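The structure appears below as structure tokens.
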Amino acid sequence: MEHKKEHARFDWTEMICKSWTYARLTPDERKRFFMSVDNAEKCGVLKGDYHTRWAILNVLYNTYLVALGYSFVGWRDKEGEEQQW
């Protein structure tokens, strides 16, 4: 199946909004992240084919999470919350 590059951001956003890391972001953190994606798009960073744009969005998100102190295990887990994996 061929993907249109113009749809990459929309498709990626739909996917990431269902992730467990996104669920642990505050509303303000979510807003700031998408402001940075908007800025990347306006500056011409978000370019290339569908898969390249998807990869760029993944790098932006990963960088943002690392800046927030993300770790693979237990990041922002609530006390007593069961793991879902």
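Every number in this text was worked out from the coordinates using simple rules, so none of it is lab data. This one's a predicted model, so the numbers in the text were calculated from it and none came from an experiment. Heads up, the Cβs are rebuilt from the backbone with ideal geometry, glycines too, and the neighbour counts pull from every protein chain shown.
So the values come out like this:
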| quantity | calculated |
| --- | --- |
| Tyr61 being of a type in the set (Phe, Trp, Tyr), free of Cβ contacts under 8 Å to residues at least 12 places away in the same chain and assigned to a helix (DSSP H, G or I) | no |
| Residue that is farthest from Lys78 (Cα to Cα), among those in the stretch 10-31 that are assigned to a helix (DSSP H, G or I), of a type outside the set (Ser, Thr, Tyr) and in contact (Cβ under 8 Å) with a residue 12 or more places away in the chain | Asp11 |
| Verdict on Arg76 being in contact (Cβ under 8 Å) with a residue 40 or more places away in the chain, over 11 Å from the mean Cα position of the chain (by Cα) and assigned to a helix (DSSP H, G or I) | no |
| Among the candidates Asp38, Asp49, residue that is more than 25 Å from Ser71 (Cβ to Cβ), in contact (Cβ under 8 Å) with a residue 24 or more places away in the chain and either among the acidic types (Asp, Glu) or in contact with a Phe, Trp or Tyr (Cβ under 9 Å, 6 or more places away or on another chain) (or both) | Asp49 |
| Residue satisfying condition, being out of contact with any His (no Cβ under 7 Å at 6 or more places or on another chain) and surrounded by 13 or more Cβ atoms within 10 Å (Cβ to Cβ), within set Val66, Val37, Val73 | Val37 |
| Condition met for Trp54 (surrounded by 10 or more Cβ atoms within 10 Å (Cβ to Cβ), among the aromatic types (Phe, Trp, Tyr) and in contact with a Gly (Cβ under 8 Å, 6 or more places away or on another chain)) | no |
